[in-house]
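Chemist: Dropping a structure here in structure tokens format, bear with me for questions.
The values are calculated or read from the model by the stated rules, or taken from the named source; none is laboratory data. All values reported here derive from a predicted model rather than from experimental measurement. When we count neighbours, we look across all protein chains shown, and the Cβ atoms used for this are built from the backbone with ideal geometry, even at glycine.
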Amino acid sequence: ISAEPGFGPQGSSTTVSGENFQNIKDKKVKIMLYDGTAFVADIKTSVKVDSDGSFEATCTIPTENDGPYKIKVVSKPDDDGDFYISDTVEFRIGTIMVLLSKDESRVGDQIVFTGNGFTDDGEWNATFGDVTIFSEEQASGTGLLRVGSDTPQFFVPQVQPGEYTITVWDVDAELTVETDFTVTEYTVLDFELLEAPNEFNVSIDGWNWPEVDGDINDEDRIEFVLFNETDDWDMDVRQGGTPGTVAILNKTGDKA
């Protein structure tokens, strides 16, 4: 069985569905709420199973205390009730929320990432599309998302402009929360000339690189490498004329 979403406040709805129950016409299943192995409440007492052994039911979340529970579905395939088919799925009563300081921005921008309703002291991970942005972090004792003792922050990964889904995984509760994010601009590196002789000075500009905030990113050094299929060479890129200073990112990441 599955429940989608796998969490919600009292009085809201979740869709419980199942497969591979008995494919006997007019057979029914019972949907219940459990706290561990202890019965808590009936959710639906009679849900009809389709002829292929599947079912789907929209269920109202009971008015129990916030916390982790299990939804259990039970069927009695024989008339005597001696043989049961059952399954459970993790479910959390209460609101699980993830908020971002921005829901759209350019590559390299710094985003503040907050959330609550997660498992107290539980492990959590997060991905930005296919990119991992947080791994094996621990929530606070009150279910707030934390990195150590700090509020999570990340830089928009170097991905092409478009719509992406940020997925946060509550590992202990086996629940996910998703929120959408729009990447508006990609990282840019612009050369004054695309070909030049040896020892010729070429101006380089860059935009949409990571912010240097001195906190989660204090690395302003830029490494330039010239390469082809057979070899590579470190480049000496400087700012402010000759000899100038080694090129670094500015504080905003808007321009290198």
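Chemist: Restricting to segment 220-237, and then to whatever is assigned to a loop (DSSP other than H, G, I, E, B) and touching a residue at least 24 places away in the same chain (Cβ under 8 Å), can you tell me which residue is farthest from Glu104 (Cα to Cα)?
Modeler: Here is the first cut: in segment 220-237, the residues assigned to a loop (DSSP other than H, G, I, E, B) are 220, 222-224, 228-231, 235-237.
Right, trim to touching a residue at least 24 places away in the same chain (Cβ under 8 Å) and you get 220, 222, 237.
Numbers: Asp220: 24, Ile222: 26, Val237: 32 Å.
Result: Val237.
Chemist: Additional query: Might you check whether a residue that is surrounded by fewer than 19 Cβ atoms within 10 Å (Cβ to Cβ), at positive phi and out of contact with any Gly (no Cβ under 8 Å at 6 or more places or on another chain) occurs anywhere in segment 83-93?
Modeler: no
Chemist: Which count do you get for residues in segment 82-116 that are within 23 Å of Ser2 (Cβ to Cβ) and part of a strand (DSSP E or B)?
Modeler: So the count comes out to 13.
Chemist: List every residue pair whose Cβ atoms lie under 9 Å apart, where the two residues are 6 or more positions apart in sequence or sit on different chains, the first residue falls within segment 1-18 and is farther than 18 Å from Ser46 by Cβ and outside the structural domain of Lys48 (by TED's automatic domain parsing), and the second residue, located anywhere, is among the hydrophobic types (A, V, I, L, M, F, W, C) and exposed (fewer than 13 other Cβ atoms within 10 Å of the Cβ).
Modeler: Once the first residue is farther than 18 Å from Ser46 by Cβ and outside the structural domain of Lys48 (by TED's automatic domain parsing) and sits in segment 1-18, no partner that is among the hydrophobic types (A, V, I, L, M, F, W, C) and exposed (fewer than 13 other Cβ atoms within 10 Å of the Cβ) comes close enough.
Chemist: For Phe128, only one of the following conditions fails: (1) over 13 Å from the mean Cα position of the chain (by Cα); (2) farther than 30 Å from Asp42 by Cα; (3) touching a residue at least 24 places away in the same chain (Cβ under 8 Å); (4) buried (at least 16 other Cβ atoms within 10 Å of the Cβ). What is its number?
Modeler: (1)
Chemist: Does Thr88 satisfy the condition of being over 30 Å from Leu189 (Cβ atoms), among the hydroxyl-bearing types (Ser, Thr, Tyr) and touching a residue at least 12 places away in the same chain (Cβ under 8 Å)? Step through it out loud before you land on a result.
Modeler: Details: over 30 Å from Leu189 (Cβ atoms): yes; among the hydroxyl-bearing types (Ser, Thr, Tyr): yes; touching a residue at least 12 places away in the same chain (Cβ under 8 Å): yes.
It is true that Thr88 is over 30 Å from Leu189 (Cβ atoms), among the hydroxyl-bearing types (Ser, Thr, Tyr) and touching a residue at least 12 places away in the same chain (Cβ under 8 Å).
Chemist: Residue under question is Lys48, and the condition is that it be basic (Lys, Arg) and surrounded by 14 or more Cβ atoms within 10 Å (Cβ to Cβ); does it hold? Spell out how you get there, then give the answer.
Modeler: On the way: basic (Lys, Arg): yes; surrounded by 14 or more Cβ atoms within 10 Å (Cβ to Cβ): no.
The answer is no for Lys48.
Chemist: At least 2 residues that are farther than 30 Å from Met235 by Cβ and either in contact with a Ser or Thr (Cβ under 7 Å, 6 or more places away or on another chain) or in the same structural domain as Arg238 (by TED's automatic domain parsing) (or both) in each: list the strands (runs of 3 or more DSSP E) lying fully within segment 117-217 that qualify. Step through it out loud before you land on a result.
Modeler: Values: elements: 123-128, 131-138, 153-155, 162-170, 175-183, 188-191, 204-207.
The qualifying strands (runs of 3 or more DSSP E) are 123-128, 162-170, 175-183.
Chemist: If I filter segment 191-213 down to residues being surrounded by 11 or more Cβ atoms within 10 Å (Cβ to Cβ) and without any contact (Cβ under 8 Å) to a residue 24 or more places away in the chain, which single residue comes out as farthest from Ile71 (Cα to Cα)?
Modeler: Residues of segment 191-213 surrounded by 11 or more Cβ atoms within 10 Å (Cβ to Cβ): 191, 196, 202, 204-213.
Still in the running and without any contact (Cβ under 8 Å) to a residue 24 or more places away in the chain: 191, 196, 202.
Details: Phe191: 59, Ala196: 68, Val202: 65 Å.
Among those residues, the one meeting the criterion is Ala196.
Chemist: Hey, another quick one. Right, Leu145: under 25 Å from Asp66 (Cβ atoms), exposed (fewer than 14 other Cβ atoms within 10 Å of the Cβ) and within 14 Å of the chain's Cα centre (by Cα) or not?
Modeler: Values: under 25 Å from Asp66 (Cβ atoms): yes; exposed (fewer than 14 other Cβ atoms within 10 Å of the Cβ): no; within 14 Å of the chain's Cα centre (by Cα): yes.
Criteria not met by Leu145.
Chemist: What is the number of the single condition among (1) at pLDDT below 90; (2) loosely packed, with under 14 Cβ neighbours inside 10 Å; (3) within 15 Å of Ile85 (Cα to Cα) that Ser54 does not meet?
Modeler: (1)
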